[in-house]
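Since the structure comes first, as structure tokens, the remarks are kept for the end.
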Amino acid sequence: MTEGSSLIRGLEGVVAAETALCDLDGAHGRLAYGGYDIDELARQATFEEVAYLLWHGELPKAGQLDQFTIALIAARPIPDALAKTFALVPKKTDPMRVLQAAVAILGMDDPDATDNWRAANVRKATRLTSQMATAICAHHRIRQGQEPVPPARDLGHAANFLYMLTGQRPSSPAAKAFDASLTLYAEHELNASTFTTRVVTSTQSDMHSAVAAGVGALKGPLHGGAGEAVMHTLFEIGEVANVDRFSEQAVATKRRLMGFGHRVYKAGDPRAAILRGMAEEACRQSGQFKWYEMAVKLHERINAAKGLIPNVDFYSAPLFYSLGIPVDLFTPVIAAGRIAGWTANIIEQYEDNRLIRPRGDYVGPKRRAYVPLRSR
Ligand code: ACO
């Protein structure tokens, strides 16, 4: 190990890049993309505007948004070979594993696959954003023995996702809640999956390789996989009346509760506060209010007992569930939002790249002589 350097477990607090994408103020629980507060973006902007902001640094003017929307819609279809591959995948395969493979396959088909210049990367980011949404929905339909639903050209990105998933045009409150969720997940500085995409990019690999690696990192339950785990916790609790007993046991046994805690936010995750309001409304509309009530009670009990705050994945679980999203698609849905931020970080990394290569602190045996096989 280099003399004078010290080990920082989990790279906590280490600053590894300059970024103009996301301003994360953990102490005050504030978050902004490109200078715009997340609350305003979630309530007023569309996911398309947010993706444009992340890739270009400014919100689009009307004409720019029209052109960008046309490009996103044109990019929605996926290659036949990918749909055929979905039919070959064992039905029980985790959709995140399928998504990771799908991104790699999309890279085989992309005309700019190995071109890492900015214009090519923006084209690839546009295609990946649209194609990943179509791929997630097509795989889900195929695994259920249904035909994929072709994208609808007259629907926005979020509404089209729900349409391709269910075959039904979503209500406008459902489409708005889903659109805002994609915005809330779109970008979050150097979280584990985004850092992964930067590490891959730093070797001068390509965008599809970086995104496929990011999907793999997002899948884990300490990261994006937490949302699915939150819903399983709520299923385990079952009824509002069981929350107290469950919470006491969880605290007593030091159980790690998914959807609570955050590496950077200690006072509160601003995304969770927005999602809480959306979950309340969606659970009420869907007639499944008990999931919201259980989540609120669990939040209060765990916060009072351990001071832990709910993170972005806590209230998105009852929200997604009441929007009719299957539980094992919660993490792919997060990926469908985070693709905007992953690709923006990849573009930013290329613009000021240096190989990311930290050191390890060696704690193994001291130097020793090789022992031939016959003498061991
Ligand atoms: N449940 C119970 N205890 C917790 C939790 C939790 N969810 N989170 C942290 N703690 C406790 C730990 O047990 C530890 O206590 P100790 O010091 O007495 O041992 C202390 O808080 C610090 O925990 P760390 O794991 O060191 O905190 P770290 O910053 O490394 O972890 C993380 C952050 C991984 C998010 C953690 O809070 C966690 O595991 N949460 C559950 C998983 C989750 O919800 N992940 C989603 C994060 S948001 C996202 O990625 C989209």
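Quick notes
- Charge dipole (the chain, unit charges on Cβ, about Cα centre) - positive-most of 201, 232, 317: 232
- For the chain, with all protein chains in place and a probe radius of 1.4 Å, 52% of the accessible heavy-atom surface sits on carbon or sulfur.
- Projecting the Cα atoms of 267, 90, 277 onto the dipole axis of the chain, where Lys and Arg carry +1 and Asp and Glu carry -1 at the beta carbon, places 90 farthest toward the positive end.
- Computed over the chain with a Gaussian network model linking Cα atoms closer than 10 Å, the most mobile of 85, 134, 196 is 85.
- The helix-based estimate of mean residue ellipticity at 222 nm for the chain, built from -39,500 (n - 2.57) per DSSP H run of four or more residues and divided by its residue count, is -18500 deg cm²/dmol to the nearest 500.
- Sorted largest first by accessible area at a 1.4 angstrom probe radius, with every protein chain in place, the residues 351, 293 fall in the order 351, 293.
- Filter on 124/176; 266/366; 219/297; 219/290 - keep pairs with C-alpha separation over 32 Å: 266/366
- Heavy-atom surface of the chain, accessible at 1.4 Å and reported per residue (Å²): 49 Å²
- Selection from 341, 144, 372, by position along the positive dipole direction of the chain (Cβ): 372
- Mean-position separation - Cα centroids, the stretch 42-61 and the stretch 198-212, in angstrom: 24 Å
- Separation in nanometres of the label points that stand 7 Å from Cα toward Cβ, at residue 245 and residue 289: 2.4 nm
- Among the trypsin sites (Lys or Arg not before Pro) in the stretch 22-118, those located in a DSSP loop and surrounded by at most 11 other Cβ atoms within 10 Å of their own Cβ are 61, 91, 92.
- Charge dipole magnitude, Cβ of K and R +1, D and E -1 - the stretch 226-322, Cα centre, debye nearest 20: 360 debye
- To the nearest 10, the accessible area of residue 70 is 110 Å² with a 1.4 Å probe.
- Paramagnetic label zone (point 7 Å from Cα along Cα-to-C-beta, residue 28; backbone N under 12 Å) in the stretch 260-274: none
- Relative contact order %, the chain, counting alpha carbon pairs below 8 Å whose residues are six or more apart: 23 percent
- Helical segments meeting 24 Å axial Cα length and Kyte-Doolittle -0.5 threshold in the chain (DSSP H): 118-143, 330-351
- Peptide packing: for 266-272, 299-305, the average count of neighbouring Cβ atoms within 10 Å per residue gives the ranking 266-272, 299-305, highest mean first.
- Peptide packing: for 353-364, 135-146, 163-174, the average count of neighbouring Cβ atoms within 10 Å per residue gives the ranking 135-146, 163-174, 353-364, highest mean first.
- Per-residue SASA entry for residue 149, accessible area with 1.4 Å probe, Å² rounded to 10: 20 Å²
- Across the alpha-carbon atoms of the chain, the computed radius of gyration and Dmax are 21.6, 77 angstrom.
- The chain - charge dipole about Cα centre, Lys and Arg +1 at Cβ, Asp and Glu -1, debye rounded to 20: 1720 debye
- Estimated at 0.36 nm per residue, the fully extended path between residue 169 and residue 71 surpasses their Cα-Cα distance by 33.1 nm.
- Cα-based reach from residue 84 at 19 Å (exclusive), listing aspartates and glutamates while leaving out same-chain residues under 8 positions away: 94, 109, 110, 147
The values are calculated or read from the model by the stated rules, or taken from the named source; none is laboratory data. Please read these numbers as outputs of a predicted model, since none were measured by experiment. In this analysis, Cβ positions are derived from the backbone assuming ideal geometry, glycine residues included, and neighbour counts consider all displayed protein chains. Calculation scope for accessible area: heavy atoms of the full protein, side chains included, ligands and nucleic acids excluded. Shrake-Rupley method; radii C 1.70, N 1.55, O 1.52, S 1.80 Å.
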